[in-house]
Amino acid sequence: MLGSLNRSILPALLLSSAAYALTKRSDGDVGFDEWVDTQYKAAVTRLNSNLHVYESEPDVFKGAMVASPSKKNPDYFYHWTRDSALTMSCVVDYIKDTANAGYNTCNDPYSVGKTANDFDEFINYYINFTNFLVKYRRHPVSDLGEPKFYMNGTLFLDPWGRPQNDGPAERSITNIQYFNLLMSTNNFRSQQVDGVDFLNNVLMCDSCVLTQDLKYLEANYTQPNFDVWEEVSGTHFYNMIATSKAFKLASQLYDEVYDNQPMASKYEILYRKTLDFASTGFWNSTSQILMSTIDYKEGVYKTYDFLDATVVLAWIHTFEDGDFFIKSNDMLSKTLQTVKRLIEVNSEIYTVNDPSFGAPGIAIGRYPSDKYNGYDSFTLGNPWLLLTSGVSEFFYKFSISAETRGKFIYNSQMRDFLLFSHNLLQAGSHDKVISSDLLNFINAPCDKTTILYQSKHSEIFNGIQSLLAKTGDFFLKRVQFHSLPDGSMAEQFNRETGKQQGAPDLTWSYAAFMTAVNARSRALSAIQN
């Protein structure tokens, strides 16, 4: 396990000078490190600005989180349930890591503590706003599965892909994470707020947001709903995994806080039922991938057997306490095959991924047959910044998970994935990217499962961790390639030219970059210690 300092996942720019050295790569890639630090600071600043649009927009309900400040071409000036919940989860992590790093007004050259205070203030506005929506703004068709609202808190009643179950699931996860933060002894808020009182009166009263979200999920998790991209109705891997995580946290809450065993048992059963279904129901044995959607009802029918980047998002968005939510090694093996195929297909369909384009890494889009270009669906879709960041985050978190567990489960799928990662890095490089011993190890045939323990196989174990982190950098360098001098991040970048397009200043793009960098810092700290 990592020490208390190294467990903090604040990026290098926001740590003390001692911790700053720990997050630097040892391979001399200082320019990239400096960009990561600069872009992280820009992402924090711009995300914080998006949270506070109510200060300049008198009609905005305080606590509504704008997806993008853009009001036309495209109009993203809405509060999306999913986007806001994922961003608030990122904000909770920022507050937690600031507290762990011990920032205060006397030792805070980058105003980290002030930003954490701003974030904490906003998340309370956000909870108040979502309580208002739950109590007074129920949609007549989708109920709590309504995906978006006007920024003044009124209902959006135009045709849309509804209901969407991932929103209530992610919102439940975030609210429980925030409660857990309030209960932590080293958080400044824990000295100002009674966490259990906050839970009882703000989150878990009969009409409160967390209670109502959990009831909605319990009643609707088996029903067809729309996917993350709001285009397909059916049963979705991402939504099922997020719902399962919400049920698990709810079970722990009823057990550990309320000592209510009947409710804890109910949500434990729901957690296991949904996780078991997700672990068995989405595998396509023919194409050897996890399908993003099964039981298709309506909407976009995706090619490549519903190969979609949301499978990656399901793993990184439910990651907690240094480990993946999904513990099954069989599911990890299937996911590695899916991620490998996703990268392969993305490398083929976008001009910006052709070697002649001269860009590092590989740009990642939503799914191969995507037609949404950021403005309309009349041409072809593009790579997304948040998804390219997300794939990098998956590699970092895979490395972190092994550190937490102290072992890798090494089988043929793992071997193929590592060899694929090595080949990605080696292409165009004249230097060896891994040691000869590790290369010989992963080049050797693998016909049985082996457990590689950190304590017994340290050289190979650490080499695999380093390979995964370097592959994470491989994808994050593609984000760098398309970055702008002012640090602004849109939704997409053009598949032909690489120029950013679609909604500018997308809040989710900033949150996704922040969580990727947080994971990178922790992965590198583990390797270097």
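The values are calculated or read from the model by the stated rules, or taken from the named source; none is laboratory data. Note that the coordinates shown come from a computational prediction; the quantities given were computed from them, not determined experimentally. Cβ sites come from the backbone with ideal geometry, for glycine too, and all protein chains shown count toward neighbours.
Looking only at the stretch 251-281, count every residue that is hydroxyl-bearing (Ser, Thr, Tyr), outside any helix (DSSP H, G or I) and farther than 16 Å from residue 211 by Cα and tell me the total. Break it down stepwise before answering.
Filtering the stretch 251-281 for residues hydroxyl-bearing (Ser, Thr, Tyr) gives 251, 254, 258, 265, 267, 271, 274, 279-280.
Still in the running and outside any helix (DSSP H, G or I): 258.
If we keep only those that are farther than 16 Å from residue 211 by Cα as well, we get none.
Final tally of qualifying residues: 0.
If I ask for residues that are assigned to a helix (DSSP H, G or I) and among the polar types (S, T, N, Q), which ones from the stretch 394-422 would you list?
To start, the set of residues in the stretch 394-422 that are assigned to a helix (DSSP H, G or I) comprises 394-405, 412-422.
Once the filter is applied, which keeps residues that are assigned to a helix (DSSP H, G or I) and among the polar types (S, T, N, Q), the stretch 394-422 yields 399, 401, 404, 412, 413, 421.
Scan 475, 493 and give me the residue that is in contact with a His (Cβ under 6 Å, 6 or more places away or on another chain) and not small (Gly, Ala, Ser).
Details: 475 fails: in contact with a His (Cβ under 6 Å, 6 or more places away or on another chain).
Matching residue, one of 475, 493: 493.
Kindly list, by first and then second residue, each pair from a residue in the stretch 459-479 that is closer than 18 Å to residue 336 by Cβ to a residue that is among the hydroxyl-bearing types (Ser, Thr, Tyr) and surrounded by fewer than 21 Cβ atoms within 10 Å (Cβ to Cβ), limited to pairs with Cβ atoms under 8 Å and residues at least 6 apart or on different chains.
Partner pairs satisfying both residue conditions: 461/453; 463/435.
With respect to residue 397, is the statement that it is in the same structural domain as residue 478 (by TED's automatic domain parsing), under 30 Å from residue 465 (Cβ atoms) and in contact (Cβ under 8 Å) with a residue 40 or more places away in the chain true?
For residue 397, the condition - in the same structural domain as residue 478 (by TED's automatic domain parsing), under 30 Å from residue 465 (Cβ atoms) and in contact (Cβ under 8 Å) with a residue 40 or more places away in the chain - is met.
When you go through 360, 383 one by one, which is the residue that is surrounded by fewer than 18 Cβ atoms within 10 Å (Cβ to Cβ) and within 21 Å of residue 513 (Cβ to Cβ)?
From the options 360, 383, the qualifying one is 360.
Select from the stretch 283-325 the residues that are in a loop (DSSP other than H, G, I, E, B) and of a type in the set (A, V, I, L, M) and list them in ascending order.
Residues of the stretch 283-325 that are in a loop (DSSP other than H, G, I, E, B), as a first pass: 285-288, 291-292, 300-302, 307-309, 318-319, 321-322, 324-325.
291, 300, 307, 309 - these are the residues of the stretch 283-325 that are in a loop (DSSP other than H, G, I, E, B) and of a type in the set (A, V, I, L, M).
Consider residue 248 carefully, then state whether it is assigned to a helix (DSSP H, G or I), at pLDDT 95 or above, of a type in the set (D, E, K, R) and surrounded by 21 or more Cβ atoms within 10 Å (Cβ to Cβ).
Details: assigned to a helix (DSSP H, G or I): yes; at pLDDT 95 or above: yes; of a type in the set (D, E, K, R): yes; surrounded by 21 or more Cβ atoms within 10 Å (Cβ to Cβ): yes.
Yes; evaluated as a whole, the condition is true for this residue.
Grab the helices (runs of 4 or more DSSP H) fully contained in the stretch 89-201, keeping just those with 3 or more residues being modelled with pLDDT of 95 or more and within 25 Å of residue 257 (Cα to Cα). Can you show your working first?
Values: elements: 112-136, 166-183, 195-198.
Because the criterion is at least 3 residues that are modelled with pLDDT of 95 or more and within 25 Å of residue 257 (Cα to Cα), the helices (runs of 4 or more DSSP H) in the stretch 89-201 that meet it are 112-136, 166-183.
When you scan the stretch 62-84, how many residues do you find that are in contact (Cβ under 8 Å) with a residue 24 or more places away in the chain, under 19 Å from residue 158 (Cβ atoms) and either in contact with a His (Cβ under 8 Å, 6 or more places away or on another chain) or in a loop (DSSP other than H, G, I, E, B) (or both)? Working first, answer last.
To start, the set of residues in the stretch 62-84 that are in contact (Cβ under 8 Å) with a residue 24 or more places away in the chain comprises 62-70, 73-74, 76-84.
Next, only the ones that are under 19 Å from residue 158 (Cβ atoms) stay: 64, 66-68, 70, 73-74, 76-83.
Next, only the ones that are either in contact with a His (Cβ under 8 Å, 6 or more places away or on another chain) or in a loop (DSSP other than H, G, I, E, B) (or both) stay: 64, 66-68, 70, 73-74, 76-77.
Adding up the residues that qualify gives 9.
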